[in-house]
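K.L.:
The structure is given below, and queries will be raised subsequently.
The values are calculated or read from the model by the stated rules, or taken from the named source; none is laboratory data. A quick note: this is a predicted structure, and the numbers were derived from the prediction, not measured. Ideal geometry is used to build each Cβ from the backbone, glycine not excepted, and the neighbour counts take in all protein chains shown. Surface accessibility is based on the protein's heavy atoms, side chains included, excluding ligands, DNA and RNA. Shrake-Rupley method; radii C 1.70, N 1.55, O 1.52, S 1.80 Å.
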Amino acid sequence: MSRVVWILGGDSRNGWAAKYLVAHGVQVHTHGVPDFPDDPLPKSFQEVILPFPSFQGALLKGGSAIPVEELLCRTESGTIVYGGLMKSWKEAINEQGGTVID
């Protein structure tokens, strides 16, 4: 199975990360990343890169205001979530079976 990474929300740094990963052979999907298309969210995530810092209340940081619930309902055993300043959301992601790299 090929590596599939989703990048959610954020700012131009997340766009740079998307370009870098694509250049290195990773299949990348974006949602809420400025100047990138919003791909329809999948049923579940394999790997997810969040903004830095990741959350603003119950929303992912960035202009698109993605509810954290959209992340949680797609997190399952084996999902890897990369983010920053995860705080209480780290525990919620772990409860869904995900692994957080903060």
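K.L.:
When the convex hull of the C-alpha atoms of segment 29-84 is computed, what volume per residue in Å³ does it have?
P.N.:
76
K.L.:
State the percentage of accessible surface on the chain attributable to carbon and sulfur atoms; use a 1.4 Å probe and exclude ligands, DNA and RNA.
P.N.:
56
K.L.:
Grab the DSSP H runs of the chain that are 4 residues or longer, score each as -39,500 (n - 2.57), total them, divide by all residues and round the 222 nm result to the nearest 500 deg cm²/dmol.
P.N.:
-6500 deg cm²/dmol
K.L.:
Measure off 7 Å from each Cα along the Cα-to-Cβ vector at ARG13 and LEU72, then give the distance between these two points in nanometres to one decimal.
P.N.:
The two pseudo-label positions are separated by 2.5 nm.
K.L.:
Starting from the Cα of SER64, step 7 Å along the direction of its Cβ; do the same at ASP102; then give the gap between the two resulting points in nm.
P.N.:
2.5
K.L.:
While we're on this one: Using the Cβ atoms and a cut-off under 9 Å, what net charge is assigned to the surroundings of GLY83, where Lys and Arg are +1 and Asp and Glu are -1?
P.N.:
0
K.L.:
Give the cross-link partners of LYS61 among the aspartates and glutamates, using a straight C-alpha distance below 12 Å as the criterion and excluding same-chain residues fewer than 8 apart.
P.N.:
Correct list for LYS61: ASP11.
K.L.:
So, one more: About the Cα centre of the chain, how large is the charge dipole given +1 on each Lys and Arg Cβ and -1 on each Asp and Glu Cβ? Please answer in debye to the nearest 20.
P.N.:
200
K.L.:
Rounded to whole Å, give me the distance from the Cα center of segment 17-38 to that of segment 45-102.
P.N.:
Going from one Cα centre to the other spans 17 Å.
K.L.:
Provide the per residue accessible area, probe 1.4 Å, for segment 1-101, rounded to a whole number of square angstrom.
P.N.:
It amounts to 55 Å² per residue over segment 1-101.
K.L.:
What does the convex hull of the Cα atoms of the chain come to per residue, in Å³, rounded to a whole number?
P.N.:
It comes to 88 Å³ per residue, whole-number rounded.
K.L.:
Residue by residue through segment 5-21, what is 3J(HN,Hα) from phi via Karplus (6.51 cos²θ - 1.76 cosθ + 1.60, θ = phi - 60°)? Round to whole Hz and write x for glycine and proline.
P.N.:
10, 9, 10, 10, x, x, 9, 4, 4, 5, x, 4, 4, 4, 4, 4, 5
K.L.:
Which of the peptides 91-98, 6-13 is most tightly packed, and how do the rest follow, judged by the mean count of other Cβ atoms within 10 Å per residue?
P.N.:
Order by mean packing, descending: 6-13, 91-98.
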